[in-house]
Amino acid sequence: MLRQIRPHIITTILGAFMLLTAGSTLVGPPRVQAQANGKALFEKRCGGCHALDRDKEGPRLGGVYGRTSGSVDSFQYSEALKKARIAWTEETLDRWLTNTEKLVPNNDMTCHVEKAGERSEIIAYLKEKGGK
């Protein structure tokens with residue numbers, strides 16, 4: 001009887017391992033998934049006013065990571081943002097996306113991203129797209 005049970009246990013364990021391995025292959029590595037999420041969140045939350053490669057209602061955001069606030073010559077920033085001279089880092093971008101008015105009073109941007117995870121993914125995407 002013991003000999004009959006062992007093959008079933010081994011088959012069950014191998015089957016579970018194969019399912020887990022196949023699932024991770026279908027989803028992809030976590031970094032690839034995070035990059036896809038960051039891009040989708042950027043397009044959903046920021047894309048109405050911003051693009052990576054050109055100014056729209058807001059300034060272009062390609063290369064924003066490491067850049068100083070109010071420094072894209074082709075865009076007309078609020079005086080408050082030009083004077084703020086903030087270096088855009090993970091910390092400052094997170095604070096900006098949390099509450100723009102608190103970080104730079106009297107700026108022209110009113111959007112905010114409530115969820116910390118979404119902010120992190122957007123910031124990672126921006127960092128990847130031309131950060132220093």
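The values are calculated or read from the model by the stated rules, or taken from the named source; none is laboratory data. Just so you know, these numbers come straight off a predicted model, no measurement behind them. A quick note on method: Cβ atoms are made from the backbone with ideal geometry, for glycine too, and the neighbour counts reach across all protein chains shown. Accessible surface is based on the protein model in full, side chains and every heavy atom, while ligands, DNA and RNA are left aside. Shrake-Rupley method; radii C 1.70, N 1.55, O 1.52, S 1.80 Å.
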Residues (touching a residue at least 60 places away in the same chain (Cβ under 8 Å) and either in a helix (DSSP H, G or I) or among the polar types (S, T, N, Q) (or both)) located in the range 102-122: 118, 121, 122
Selection count where residues are at pLDDT 60 or above and either surrounded by 14 or more Cβ atoms within 10 Å (Cβ to Cβ) or closer than 18 Å to residue 100 by Cβ (or both), scope the range 22-40: 5
Sole exception among (1) within 19 Å of residue 129 (Cα to Cα); (2) more than 17 Å from the chain's Cα centre (by Cα) for residue 41, by number: (2)
Tally of residues being open to solvent by 40 Å² or more (accessible area, probe 1.4 Å) and not in a helix (DSSP H, G or I) across the range 82-101: 4
Which numbered condition residue 74 misses (of (1) free of Cβ contacts under 8 Å to residues at least 40 places away in the same chain; (2) under 18 Å from residue 121 (Cβ atoms)): (2)
Index of the failed condition, residue 108 passing every other in (1) open to solvent by 40 Å² or more (accessible area, probe 1.4 Å); (2) under 11 Å from residue 66 (Cα atoms); (3) not hydrophobic (A, V, I, L, M, F, W, C): (2)
Residue under evaluation residue 119, criteria (1) exposed (fewer than 12 other Cβ atoms within 10 Å of the Cβ); (2) in contact with a helix residue (DSSP H, G or I) (Cβ under 8 Å, 6 or more places away or on another chain), criterion not met: (1)
Tally, over the range 41-81, of residues that are outside any loop (DSSP other than H, G, I, E, B), farther than 16 Å from residue 104 by Cα and open to solvent by less than 30 Å² (accessible area, probe 1.4 Å): 2
